[in-house]
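Here the structure comes first, spelled out in C-alpha cells, and everything after it is commentary.
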Amino acid sequence: MNTSTDLLVVGSGIMGLATAFLAHEQGRSVRLLDAEDRPVGASVQNFGHACFTGQADVIQPIADAARAGWLSAASRAGLWVGESGTYIPAMTPTEAQVLREFADHRGAERVTLLSGAQVGEAIGNPDLGAHSGAHLPLDLRVNPREAAPELARWLDREGVQFTWNTRVYAVADGVAHTSRGDFCASEIIVCPGTQLGQLWPEIAERRGVRECALVMALIDRPDRIPADLVILTGTSLARYDGFTAMPSASRLQEELSQREPELVDCKANLMATGLPNGLLVGDSHAYDRSTAPFIDERTGDLLLQRASRFLGIDRPVVRQRWLGRYADSASTNLVVERPDSRTTVAAVTSGIGMTLSFGIADALLSGADIPDF
C-alpha cells in the first residue's frame, strides 16, 4: 500500500472533506484518515444551514468563497443544494429594527426586507402575524444527513484514498502515526473537531476549546411548508455575529430576556430547516469540557413548542431526537495553528462549520491569512 501522498487530511467532517475536495480539484494526490467508517459527527448532526450573510463583516470574503465552494461541490459531486435563502420573521418592533439596520449595513443584494404577510407566506404559515421580516437570498441549504457522506463517496470514486477505522495518535513533520502504521505526505491538514484535545491538548487548553451539546429533533413536515425552508428567529439575531454588531442588538437581547426567558436560559438559537421527509428543529446550547449524553425533555419540548408556533403546527409529530455536538470556544470561532512547517490543524470552534468549511479550506490550501473573528 502506498502510504505517501501530496496531502494527508485527518478527519471526515465537512472541513476535512472540503479540504480534500479542493485539493483534489487542484490535481493533488490526497488521502483522508478517519477513526470511524463514515462521517457521523457534527457534520451530519446539524441543520444543514449555510448562513453566510449572518456572519461577521471580517469573515465575509471567506463566506463568499465558502458559498462558491458549496456550489462547485454540488455541480461536480451531484450534492443537493437549496438556494431559497433564509427567512427571518420579526415578531416585535425591536427585531424589525435590527433587521432594518442589518439591511442598511449589508445592502439590497444580501438582505431583502419583507412585510409580515410576505414572510408568513414564504414559510408556509400565513397566519403567523409577524410584524415584518427579511430574506437573505445568498444563504444555502444542504441535507446534513446526505451532504458529507455523498461527498465522501464521490471523492472515493474520483481517486481520493480513504482509510477508515483508523485512529491517529500523533502528527508531525509530514508523518501521521496511526493504528494502521505511519502515513506520510508533503503536507498534512488535521481537522479534528471535538477531538482536538486528544492530539494537541496544549492547543485546546490554550484556546479554551470545549464541547457544545445541542438538543435537536426531526418532526413531520406539513405539505404547506417548503422542503428547502430555512427560518431563523429573534434568538438568532441575538446570536450570529453579523446581527449582534447592529446598534439595536443589545436592546433585543434585553427584550428577549424579558419575553422569552426560558429560551435565553437554554441559550437557544430557535430555528427550523426542511428536509424531504421532515423538519429539523432546535436548538439549545450547553457547554462543557466533556458534555453529558442526556437530553433534557423540558428543553426539547420548549424548542418544539416554540418552533411549532412559528410554523403553525398544532400537533408536531416527533420522529427523532438527538444531541448534536461540536467543538466550541468562548474566545474564538476558529482555531488554526501550524505546529510545524508541514502540519496545519484547523478546528471550527462554533456552530458555523457547515457554513464556512469550503472557504476556510480554500484559505488553508493557499496559505492565505484567515482573520480572527
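The values are calculated or read from the model by the stated rules, or taken from the named source; none is laboratory data. In this text, all values refer to a predicted model and were calculated from it rather than measured experimentally. Every residue, glycine among them, receives a Cβ derived from its backbone with ideal geometry; neighbour counts consider all protein chains shown. Just so you know, the surface numbers come from the protein's heavy atoms only, side chains and all, with ligands and any DNA or RNA stripped out. Shrake-Rupley method; radii C 1.70, N 1.55, O 1.52, S 1.80 Å.
Listed values, structure above:
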{"read-out": "Hydrodynamic radius by Kirkwood, which averages 1/r over all alpha carbon pairs of region 263-344, in angstrom", "value": "15.3 Å"}
{"read-out": "Long-range amide H partners of residue 313 with built H, under 5 Å", "value": "none"}
{"read-out": "Sum of side-chain charges, residue 111 neighbourhood, beta-carbon under 13 Å (Lys, Arg +1; Asp, Glu -1)", "value": "-1"}
{"read-out": "Alpha-carbon centroid distance for the pair region 160-178 / region 102-153, whole angstrom", "value": "39 Å"}
{"read-out": "Heavy-atom accessible area ranking, 1.4 Å probe, most first, across 328, 173, 296, 314", "value": "314, 173, 296, 328"}
{"read-out": "Degrees, to the nearest 10: 14-25 long Cα axis against longest axis of the chain", "value": "60 degrees"}
{"read-out": "Protein-only accessible surface order, largest first, of 343, 3 at 1.4 Å", "value": "3, 343"}
{"read-out": "Kirkwood-type radius of the chain, with distances r between different C-alpha atoms, in Å", "value": "21.0 Å"}
{"read-out": "Relative pair counts by distance (%), Cα atoms of region 50-208, 5 Å bins", "value": "2, 7, 12, 13, 13, 13, 13, 9, 7, 6, 4, 2, 0"}
{"read-out": "³J(HN,Hα), Karplus 6.51/-1.76/1.60, whole Hz, each residue of region 86-100, x for Gly, Pro", "value": "10, 10, 10, x, 9, 8, 9, x, 5, 4, 4, 5, 4, 5, 5"}
{"read-out": "Region 103-164: GluC sites (Glu not before Pro) in DSSP coil with no more than 11 other Cβ atoms inside 10 Å", "value": "109"}
{"read-out": "When region 5-119 is reduced to its Cα atoms, the Kirkwood hydrodynamic radius in Å", "value": "16.9 Å"}
{"read-out": "On Cα atoms only, tilt of 297-311 relative to the major axis of the chain in degrees", "value": "60 degrees"}
{"read-out": "In degrees, nearest ten, helix 147-157 long axis to first principal axis of the chain (Cα)", "value": "30 degrees"}
{"read-out": "Chymotrypsin sites (Phe, Trp or Tyr not before Pro) lying in DSSP loop within region 272-348, provided at most 13 other Cβ fall within 10 Å", "value": "294"}
{"read-out": "Percentage relative contact order, region 8-76, counting C-alpha pairs under 8 Å, at least six apart", "value": "27 percent"}
{"read-out": "Solvent-accessible area per residue, Å², over the chain with all protein chains present [probe radius 1.4 Å]", "value": "40 Å²"}
{"read-out": "Residues with amide H under 5 Å from that of residue 221, placed H, sequence gap 5 or more", "value": "278, 279"}
{"read-out": "Gap separating the Cα centres of region 225-272 and region 320-373, nearest whole Å", "value": "23 Å"}
{"read-out": "HN-Hα J in Hz across region 332-340 - Karplus 6.51, -1.76, 1.60, θ = phi - 60°, x for Gly and Pro", "value": "7, 8, 8, 10, 10, 9, 10, x, 8"}
{"read-out": "Solvent-accessible surface ranking, highest first, for 306, 206 at 1.4 angstrom", "value": "206, 306"}
